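The values are calculated or read from the model by the stated rules, or taken from the named source; none is laboratory data. In this text, all values refer to a predicted model and were calculated from it rather than measured experimentally. Don't worry about glycine lacking a Cβ; one is built from the backbone with ideal geometry, like all the others, and counts go over all protein chains shown.
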Amino acid sequence: MRSVRIPADRVGTLIGKEGETKKMIERISGIRIFVDAEGGVTFNEASKDADPLMALKIMDVIKAVGRGFNPDRAVRLFEDDEYFEAIDLKEVTGDRKNQLGRIRGRLIGTGGKTRAIIEELTGCYMSVYGNTVALIGNSVSLPVAKHAVELILNGSEHATVYHYLENQRPRLRIAEMGFDL
């Protein structure tokens, strides 16, 4: 049995209306999951029919839902070459609470503009939830999105980050076509 914890306020999202989200995750993965009200999620990856790699993928899907992703976006992690990355904002801000709010605001941007631009230009999904910023993307786009997030965390101006993302677009388009870089 493996287990992972998610915030208690995300349990309902993981289960879904009438258990639909949980059933969808179980159907895709072939692994039964058990969720308690406090945010503990356990599953048995030793099922004889289950793909061993699926245990790692299902952990990432559960973590992604726990970090604020919509389950419909999180299931992208079941695809090949899709990865989950979470960055702890407290490592950047330390214990200064007012800095955490400022950093979260910079990552999201006015009306969600910064987050939307990062998602649009990289093809990654981004979630700012609690003390983390999390990304879902493939092996080419994820490092680009992560670097853009790190630039913002290190205090770069948004225009600099947008310029970096624009410069990466041709490389990302070539990767989308299936050519190796």
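Per the listing SER127, SER139, the residue uniquely within 21 Å of LYS63 (Cα to Cα), touching a Phe, Trp or Tyr at 6+ places or on another chain (Cβ under 9 Å) and at pLDDT below 95 is SER139. Among the residues of the stretch 98-128, write down those that are out of contact with any strand residue (DSSP E or B) (no Cβ under 8 Å at 6 or more places or on another chain), in contact (Cβ under 8 Å) with a residue 24 or more places away in the chain and not β-branched (Val, Ile, Thr). Those that are out of contact with any strand residue (DSSP E or B) (no Cβ under 8 Å at 6 or more places or on another chain), in contact (Cβ under 8 Å) with a residue 24 or more places away in the chain and not β-branched (Val, Ile, Thr): LEU100, ARG106, GLY109, LEU121.
Assigned by TED's automatic domain parsing to the domain that holds VAL149 and touching a helix residue (DSSP H, G or I) at 6+ places or on another chain (Cβ under 8 Å): which single residue out of LEU14, LEU100 fits that description? Answer to the check: LEU100.
One line per residue, one yes/no per condition, for (1) touching a strand residue (DSSP E or B) at 6+ places or on another chain (Cβ under 9 Å); (2) under 21 Å from GLY66 (Cβ atoms); (3) assigned by TED's automatic domain parsing to the domain that holds ARG67:
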| position | (1), (2), (3) |
| --- | --- |
| GLY130 | no, yes, no |
| SER139 | yes, no, no |
| ASN154 | no, no, no |
| GLU157 | no, no, no |
| HIS163 | no, no, no |
| LEU172 | no, no, no |
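For the residues ASP72, ASP9, ASP51, the requirement of being closer than 23 Å to VAL140 by Cα, free of Cβ contacts under 8 Å to residues at least 24 places away in the same chain and outside the structural domain of THR132 (by TED's automatic domain parsing) singles out ASP72. Screening the stretch 47-159 for helices (runs of 4 or more DSSP H) wholly inside it with 2 or more residues that are within 17 Å of the chain's Cα centre (by Cα), among the β-branched types (Val, Ile, Thr) and under 30 Å from ARG32 (Cβ atoms) returns the ranges 52-66. Of the listed requirements (1) closer than 18 Å to ASP72 by Cα; (2) modelled with pLDDT under 85, LYS22 misses just one: (2). Total residues in the stretch 147-175 satisfying the condition of being surrounded by 19 or more Cβ atoms within 10 Å (Cβ to Cβ) and under 28 Å from GLY94 (Cβ atoms): the figure is 5.
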